[in-house]
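Participant: Following this message is one structure expressed as structure tokens.
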Amino acid sequence: MNGDLNQLFGLFLLFLSLLLIAGVYLITATRNLIRILIGMEIMTKAVTLLIIAAGYVTANIALAQSIVITLIIVEVVVLLVGAGIVVGVFMLTGDISVKALKNMRG
Amino acid sequence: MTLLLIIFFLAAVLIINLPPKAFFKKIAFWLALFLLLLQLVFVFLPRSLWTGLNTLCSSNNFSMVQDSLSMVMLLSIAIVGLVALLVAKAHIKSENKLFNFVCLLLLCCIGMNGMVVVTDLFTLYLFLEIVAAAVYIMIVFEKNQNAYEGAFKYFILSAIATTLMLAGVGLTLSTVGALSFTALQIYFANTAQISAGATIGVLLFMAGLFIKSGLVPFHGWLPDAYQAAPNPVSILLAGIVTKSSGVYALVRLGMLGVLVPESLKTLLLAFGAATILIGALAALWQKDFKRMLAYSSISQVGYIVLSLGAGTLLGYAGAIFHMFNHAILKSLLFVNSAAVESRTGTRDMDAMGGFAAKMPWTGATSVIGALSISGIPPFSGFWSKLVIVIALWKAGLHYYAAFAILASLLTLSYMLYMQRKVFFGKLIEGYDDLREAGFLYILPSVILALITIGLGIGFPFIVGTMLMPVAIFNW
């Protein structure tokens with residue numbers, strides 16, 4: 001990795017950390033289950049971009065591309081299951097707030 | 001060959017969803033039973049046959065390992081899968097629901113079989129998500145509010161875990177330049193000054209695995225998910241899913257020599273000790289049978305991680321042996337709790353008492369399981385804890401060794417408390433016509449109890465031939 005590229009990667013890391021923090025903030029601050037799913041998506045997008053950048057700086061872009069395409073598919077499948085759970089919660093309680101999910105303690 | 005174990009399961013899932021639906025619904029259960037028995041047979045085939053078949057059916061693009069660790073994991077997956085399948089047959093009455101369960105179980109097996117044989121970090125993540133997606137659906141099987149709550153908590157923490165793991169993958173890629181286990185092994189063995197990027201990458205990946213294996217303080221999802229899941233799913237979750245998706249990868253990373261830096265070892269030791277203590281203390285408080293077993297599960301995972309922290313060959317051997325024992329014993333205890341619930345309809349330990357008189361088989365096997373998991377000789381649980389303690393002592397970690405011994409007293413105390421509440425003593429009012437649970441509950445618990453007795457008594461024979469070679473890295 002030469003100097004210029006290194007600096008670029010550093011800047012990129014900074015931006016991705018901000019994106020990640022935005023996702024974490026969204027998950028922790030909101031009470032809405034759908035928004036939690038969106039926060040998760042933002043977090044995953046941040047790491048997807050990180051993998052692309054890592055592939056670029058190590059001249060491994062082919063590997064990074066194949067990883068990212070697989071990642072996007074997997075992520076959609078998992079999100080679908082999560083959305084299914086949210087729909088189930090809504091059908092059972094008529095509410096999509098975290099308050100619906102506070103039965104079990106201890 | 002290992003590829004076959006994935007392809008067979010995948011083909012089975014596809015075939016049983018084809019028309020004529022009515023016919024395949026009838027045979028789905030037997031097909032799954034057959035495939036899991038096949039996997040059991042495969043594991044015991046001689047090594048030369050494995051290599052021969054492997055050259056027949058492997059492709060160069062998708063390399064896999066068949067070292068002894070993978071074999072142990074494949075064996076545990078087959079055993080726990082079979083147990084969960086049998087209990088599901090008894091527990092799930094409707095044919096449609098049983099069919100759905102079998103499909104999800106097969107998907108879960110694809111993911112777990114894949115996870116324990118892959119050779120790079122990203123494919124590991126891929127199979128991990130297959131398991132996770134199947135398990136979320138299995139937890140909400142009964143569609144009640146607790147189930148949704150348990151599943152959603154698991155979902156969120158898993159999402160955070162996978163984000164951390166992927167960030168680790170990205171950072172490792174940016175410094176090491178590759179993700180295969182071999183490349184990592186070479187990098188960590190040959191680089192004098194390991195760069196900060198690689199260390200942080202491994203740390204992030206480990207943090208993700210910590211969440212997935214439910215270590216304290218990331219254990220919030222685990223008791224809820226175990227308690228809310230239907231009984232066969234709890235068996236599957238506690239016995240093998242968290243082990244193969246979290247702990248297995250930690251063991252693999254350790255055996256690759258990735259956990260070399262002293263700070264990483266200290267981290268494992270600290271997390272392991274905290275997990276043992278807090279899991280055991282929380283288990284003492286529980287009133288719900290399955291929730292108590294869930295906290296006990298957390299505490300036992302702590303032992304595995306503590307043993308990894310020793311960082312020696314003996315430490316890895318102890319971790320792997322304890323992981324196998326835990327798969328057997330925790331499935332046994334969950335089968336017992338399922339058997340009790342099938343007859344009494346409750347899991348509240350305060351409303352139980354003296355059931356051993358009416359349910360002799362369930363009572364006897366649960367005593368064996370409880371004694372074995374708390375480390376009483378001659379059962380197998382004693383030997384794995386002994387190996388862990390010796391490994392810690394030999395590595396110079398005397399305080400941790402003493403802690404491991406003292407903490408096993410805590411295990412004994414909550415297990416005896418459970419026995420006294422549920423099985424011993426006088427039969428409480430209102431259960432005079434209680435009968436022994438069905439054959440499909442008795443059969444798995446007897447087999448699992450026999451395995452732990454057999455392993456315990458036969459330990460001198462397996463220590464040199466099976467236990468130690470497992471920890472040696474070869475493929």
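Participant: Determine if region B:63-83 includes at least one residue that is farther than 29 Å from B:PHE181 by Cβ and either modelled with pLDDT of 60 or more or in contact with a Pro (Cβ under 7 Å, 6 or more places away or on another chain) (or both).
Facilitator: Looking only at region B:63-83, we keep the residues that are farther than 29 Å from B:PHE181 by Cβ, and these are B:82-83.
Still in the running and either modelled with pLDDT of 60 or more or in contact with a Pro (Cβ under 7 Å, 6 or more places away or on another chain) (or both): B:82-83.
Yes: one or more hits.
Participant: Which members of region B:342-356 meet the condition of being of a type outside the set (Asp, Glu), surrounded by fewer than 24 Cβ atoms within 10 Å (Cβ to Cβ) and under 19 Å from B:TYR417 (Cβ atoms)?
Facilitator: Of region B:342-356, the ones of a type outside the set (Asp, Glu) are B:342-347, B:349, B:351-356.
Subset that is surrounded by fewer than 24 Cβ atoms within 10 Å (Cβ to Cβ): B:342-347, B:349, B:351-354, B:356.
Within region B:342-356, B:THR344, B:THR346, B:ARG347, B:MET349, B:ALA351, B:MET352, B:GLY353, B:GLY354, B:ALA356 meet the criteria.
Participant: Considering only region B:194-213, I want to know if a residue exists there that is open to solvent by 20 Å² or more (accessible area, probe 1.4 Å), part of a loop (DSSP other than H, G, I, E, B) and either farther than 27 Å from B:ILE139 by Cα or of a type in the set (Val, Ile, Thr) (or both).
Facilitator: Yes, region B:194-213 contains a residue that is open to solvent by 20 Å² or more (accessible area, probe 1.4 Å), part of a loop (DSSP other than H, G, I, E, B) and either farther than 27 Å from B:ILE139 by Cα or of a type in the set (Val, Ile, Thr) (or both).
Participant: Follow-up question, since we're still on this one. Looking only at region B:231-239, decide whether some residue is modelled with pLDDT of 90 or more and either more than 15 Å from the chain's Cα centre (by Cα) or over 22 Å from B:PHE334 (Cβ atoms) (or both). Outline the logic, then answer.
Facilitator: Kept after step one, since they are modelled with pLDDT of 90 or more, are these residues of region B:231-239: B:231-238.
If we keep only those that are either more than 15 Å from the chain's Cα centre (by Cα) or over 22 Å from B:PHE334 (Cβ atoms) (or both) as well, we get B:231.
Checking region B:231-239: at least one residue is modelled with pLDDT of 90 or more and either more than 15 Å from the chain's Cα centre (by Cα) or over 22 Å from B:PHE334 (Cβ atoms) (or both).
Participant: Okay, next question. Please work out if B:GLU142 is surrounded by 23 or more Cβ atoms within 10 Å (Cβ to Cβ), among the charged types (D, E, K, R) and in contact (Cβ under 8 Å) with a residue 24 or more places away in the chain.
Facilitator: So B:GLU142 does not fit the description; no.
Participant: Going by the conditions given, is A:THR93 among the hydroxyl-bearing types (Ser, Thr, Tyr) and closer than 17 Å to B:ILE156 by Cβ?
Facilitator: Against the criterion (among the hydroxyl-bearing types (Ser, Thr, Tyr) and closer than 17 Å to B:ILE156 by Cβ), A:THR93 does not qualify.
Participant: Let me ask something else about it. So A:LEU16 passes all but one of these: (1) under 20 Å from B:ALA159 (Cβ atoms); (2) facing chain B (nearest Cβ under 8 Å); (3) of a type outside the set (Gly, Ala, Ser). Which condition number does it fail?
Facilitator: (2)
Participant: Right, next: Return the residues of region B:417-449 that are β-branched (Val, Ile, Thr), assigned to a helix (DSSP H, G or I) and open to solvent by less than 70 Å² (accessible area, probe 1.4 Å); say none if nothing qualifies.
Facilitator: Residues satisfying the conditions are B:VAL422, B:ILE442, B:VAL446.
Participant: Here's something else I'd like to know. Kindly indicate whether B:SER413 is in a helix (DSSP H, G or I), more than 19 Å from B:ASN325 (Cβ to Cβ) and either touching a residue at least 24 places away in the same chain (Cβ under 8 Å) or among the small types (Gly, Ala, Ser) (or both).
Facilitator: yes
Participant: For the condition buried (at least 24 other Cβ atoms within 10 Å of the Cβ) and in contact with a helix residue (DSSP H, G or I) (Cβ under 9 Å, 6 or more places away or on another chain), what is the one hit in B:VAL216, B:VAL135?
Facilitator: None of the other options fit; the residue is B:VAL135.
Participant: Is it the case, given these coordinates, that B:LEU126 is facing another protein chain (nearest Cβ under 8 Å) and either surrounded by fewer than 20 Cβ atoms within 10 Å (Cβ to Cβ) or in a helix (DSSP H, G or I) (or both)?
Facilitator: So B:LEU126 passes the test.
Participant: Additional query: Being assigned to a helix (DSSP H, G or I), surrounded by fewer than 24 Cβ atoms within 10 Å (Cβ to Cβ) and either touching a strand residue (DSSP E or B) at 6+ places or on another chain (Cβ under 6 Å) or not polar (S, T, N, Q) (or both) is the filter here; which residues of region B:253-267 pass it?
Facilitator: Hits for region B:253-267 are B:LEU253, B:MET255, B:GLU262, B:LEU264, B:LYS265, B:LEU267.
Participant: Identify the single condition in (1) at pLDDT below 90; (2) open to solvent by less than 50 Å² (accessible area, probe 1.4 Å) that A:GLY88 does not satisfy, given that it satisfies every other one.
Facilitator: (1)
Participant: Within region B:129-148, can one find any residue that is more than 9 Å from chain A (Cβ to nearest Cβ), within 30 Å of B:PRO232 (Cα to Cα) and touching a Ser or Thr at 6+ places or on another chain (Cβ under 7 Å)?
Facilitator: There is at least one residue in region B:129-148 that is more than 9 Å from chain A (Cβ to nearest Cβ), within 30 Å of B:PRO232 (Cα to Cα) and touching a Ser or Thr at 6+ places or on another chain (Cβ under 7 Å).
Participant: Check off (1) closer than 19 Å to B:MET115 by Cα; (2) modelled with pLDDT under 90 for B:ALA327 and give me the number that stays unchecked.
Facilitator: (2)
Participant: So which residues in region A:46-90 are outside any helix (DSSP H, G or I), free of Cβ contacts under 8 Å to residues at least 12 places away in the same chain and facing chain B (nearest Cβ under 7 Å), if there are any at all? Steps first, answer last, please.
Facilitator: At the first step, the residues of region A:46-90 found to be outside any helix (DSSP H, G or I) are A:58-60.
Then keep just the ones that are free of Cβ contacts under 8 Å to residues at least 12 places away in the same chain; that gives A:59-60.
Scanning region A:46-90 gives a single hit, A:ASN60.
Participant: Please go through region A:91-106 and pick out each residue that is more than 7 Å from chain B (Cβ to nearest Cβ), in a helix (DSSP H, G or I), open to solvent by 80 Å² or more (accessible area, probe 1.4 Å) and under 15 Å from B:ASN144 (Cα atoms).
Facilitator: A:MET91
The values are calculated or read from the model by the stated rules, or taken from the named source; none is laboratory data. The structure displayed is predicted, hence computed values, not measured ones. Reconstructed Cβ throughout: ideal geometry from the backbone, glycine too, with neighbour counts over all protein chains shown. Side chains included, ligands, DNA and RNA excluded: accessible areas come from the protein's heavy atoms. Shrake-Rupley method; radii C 1.70, N 1.55, O 1.52, S 1.80 Å.
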